[in-house]
1. Look at THR175 and say whether it is among the β-branched types (Val, Ile, Thr) and over 26 Å from the mean Cα position of the chain (by Cα).
2. For segment 331-354, which positions are under 20 Å from GLY297 (Cα atoms) and not in a helix (DSSP H, G or I)?
3. Among the residues of segment 264-289, which ones are over 18 Å from the mean Cα position of the chain (by Cα) and either touching a residue at least 60 places away in the same chain (Cβ under 8 Å) or closer than 20 Å to SER332 by Cβ (or both)?
4. Among the listed residues ASP149, ASP153, ASP164, ASP168, which satisfies the condition of being loosely packed, with under 14 Cβ neighbours inside 10 Å, over 24 Å from the mean Cα position of the chain (by Cα) and closer than 19 Å to ARG191 by Cα?
5. Please enumerate the residues belonging to segment 45-83 that are surrounded by fewer than 16 Cβ atoms within 10 Å (Cβ to Cβ) and part of a loop (DSSP other than H, G, I, E, B).
6. Give me the pairs, please: first residue somewhere in segment 72-87 and without any contact (Cβ under 8 Å) to a residue 12 or more places away in the chain, second residue anywhere and in a helix (DSSP H, G or I), beta-carbon distance under 8 Å, and either six or more positions apart or on two chains.
7. Quick test for you: out of LEU249, LEU193, LEU257, pick the one residue that is at pLDDT 95 or above and either closer than 21 Å to CYS349 by Cα or in a helix (DSSP H, G or I) (or both).
8. Conditions first: (1) at pLDDT below 90; (2) buried (at least 21 other Cβ atoms within 10 Å of the Cβ); (3) among the hydrophobic types (A, V, I, L, M, F, W, C). ALA299 passes all but one, so which condition is the exception?
Amino acid sequence: MSDNRNELIAALSSSLISQRYSPVAARNYCTYASRFLDYLAQRGIPIANVTDELVEHYLRHAIMLFEKQRGRPPSVRWHEVPRSGIHALLRLVHGQWPPSIKPTCAADEIRFSICAEYESWLREERGLAHASIAALMWEARSFLAWQIDHGNDDLAGLNVADIDHYMDFRAPKLTRCSMKSVAERLRALLRHLYITGRVMTDMSGHVLAPTLYAYEGVPSALNRSQIIAVLESAEQDTSSAGMRDYAILQFLAVYGLRSGEIRHLRIEDIDWRREAIHVRHHKTRASTLLPLLEPVGEAVLAYLRSGRPETDAREIFVRTRAPYRKLDKLYSMVRRRLREAGVQPRGKCGPHIFRHARAVEMLRNAVPQKVIGDLLGHRSTGSTAPYLKLATEDLRAIAFDVSGMELVA
């Protein structure tokens, strides 16, 4: 067991180093992974039989041991490094972690079979994007699991009342807009169940959703002074994360790009000689060639020279800690940078508020709506129309004071 343990730790160390983890992080991961292997050996548990529940049980044991040895509890986030080290070891042994969920009963087998068919249909027949498939599959798994928990194992007895009960179950913590999305995803699943003969009646038409009126909600947007404050605050952070975030914020502020468009930007998408940027709009599957403006170019160049870690990833913006892969999202970063700059927008505070602000700024500068839509990567002018609501303050500025005025016949 000792030889096997040493071989596993050596293999883990080699794997972490090949993924460009820092020596300190690799050493810490190996230390905690080694302690976990000792824990398994003391209890005679083969690593092949480890479950996610066992890992959580060990972490609770490790916290108790920490308190006993040091006379105080660890910090709230102390468990993150041990868990990451153990998960890295288990990925090395099992190929993936957490492991895929296996069916435990006949009802589970039916549910897993339906989900596999549905996912294949969404991908191959409908050709949906990965993010759309993920959202539809999440709702499908939730609905099917809920039905099984309530005794409807094979869906043969599925009726409108079951659908209503599920929607009531989902409703309490959701907004009207989110409930409409749930209804649309559930309708798609019910149509598929009917097409494949899993249910005898198409009940998709019985899924009720709240009515949303066109342009009923005004999105959040920043004004120019707020944008400047955020950029200046981020520019003062000269760390690798600071240089990366400043360059991203420049893209948001100058071009109003979507989060995914920035995250998927690749090294070859910037043509430094022609001073141009090739942007792929994944939402519409179109592309745009934009001029590389000086503030953006300088910020990106500074990040590439001094802030970006060495990595084989082709995406421009990557994580600041190994494994150095493209960013999963920008919401947390934007929210943190807004808070550090003392900017508190009303409503949502994600990357899209920069997009809204850019659209409003162009509208107020009399840029044609078609040109704005082209820059933002919209398919039609109708997609740009919601941004018009954000410029209503301009209408107030030119309102006439008609009090006391005489009406002339």
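The values are calculated or read from the model by the stated rules, or taken from the named source; none is laboratory data. Computed from a predicted model, the values in this text were never measured in an experiment. Cβ: placed from backbone, ideal geometry, glycine included. Neighbour counts: every protein chain shown.
1. So THR175 fails the test.
2. Within segment 331-354, just PRO351 meets the criteria.
3. VAL279, THR284, ALA286, THR288, listed by residue number.
4. ASP164
5. Correct list: ILE45, PRO46, THR51, GLY71, ARG72, PRO73, PRO74, SER75, VAL76, ARG77, TRP78.
6. Qualifying pairs under 8 Å: PRO73/ILE63; PRO73/PHE66; PRO73/GLU67; PRO74/ILE63; PRO74/PHE66; PRO74/GLU67.
7. Answer to the check: LEU249.
8. That leaves (1) as the condition not met.
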